[in-house]
Amino acid sequence: MGLRLDVPLEPRWIALGFGIECKVRPLSSATVASVQAKAARLAREMMTAAEAEKLAGLVEAKDLSEDDLRAGLTEMYLAIVLGQATIMEWTGFFDRPGRAAAVTDDNIAAAMRLPLVGPRFVGEFFRPYAPLVEEGNGSALPQPGSMTAAPITAGAAEPSAPIPASSAATARRRSKARTAPKAAPR
């Protein structure tokens, strides 16, 4: 098995639905790691800022933990920072009716904050790289919960001691004695 090198090396258009398309430049693994680190840093900074309370109020986050909010902010900032690093052109975004929105950092941030746009952008941006993972060529860790990941996520279990037959029978008799049928009401 080997690693395919035919991933996008030239700018390409990705469709996001809703009549929206973005022309994006490819990134190196170092740049992707930098984008991810910046998104995590921005989320941490937001959580420490007073604006985190304002954000929590906007999303009615009564039942969300700080970790939940941080995870959501990290995903949002990943879309924003990835968009700002890669989007060269776009179609389908308007800053007012009939007027196409310019590709600026502020407009990209506004677009990526939209619930159906940001997550879809991230997914479509990385779609060409998914076959590398699916081929199992060692370019990524196995998915949690898979049999391949089992040795990584869990150690060997200790065998349990067998329960003597006499103990099991005694337990069943005691259980039946406690649940004797009640007398019918008069």
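Coordinate-derived values only; no laboratory data. Note that the coordinates shown come from a computational prediction; the quantities given were computed from them, not determined experimentally. Neighbour counts are summed over all protein chains in view; Cβ atoms, including those assigned to glycine, are modelled from backbone coordinates with ideal geometry.
Tabulated data
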| quantity | calculated |
| --- | --- |
| Long-range HN-HN contacts of W90 with modeled amide H, under 5 Å | K23 |
| For P26, net neighbour charge (Lys/Arg +1, Asp/Glu -1) across residues whose Cβ lies under 11 Å away | +1 |
| Ranked by how many other beta carbons lie within 10 Å on average, peptides 30-41, 90-101, 74-85 from highest | 74-85, 30-41, 90-101 |
| Net charge of neighbours whose Cβ lies under 13 Å from the Cβ of I80, counting Lys and Arg as +1 and Asp and Glu as -1 | 0 |
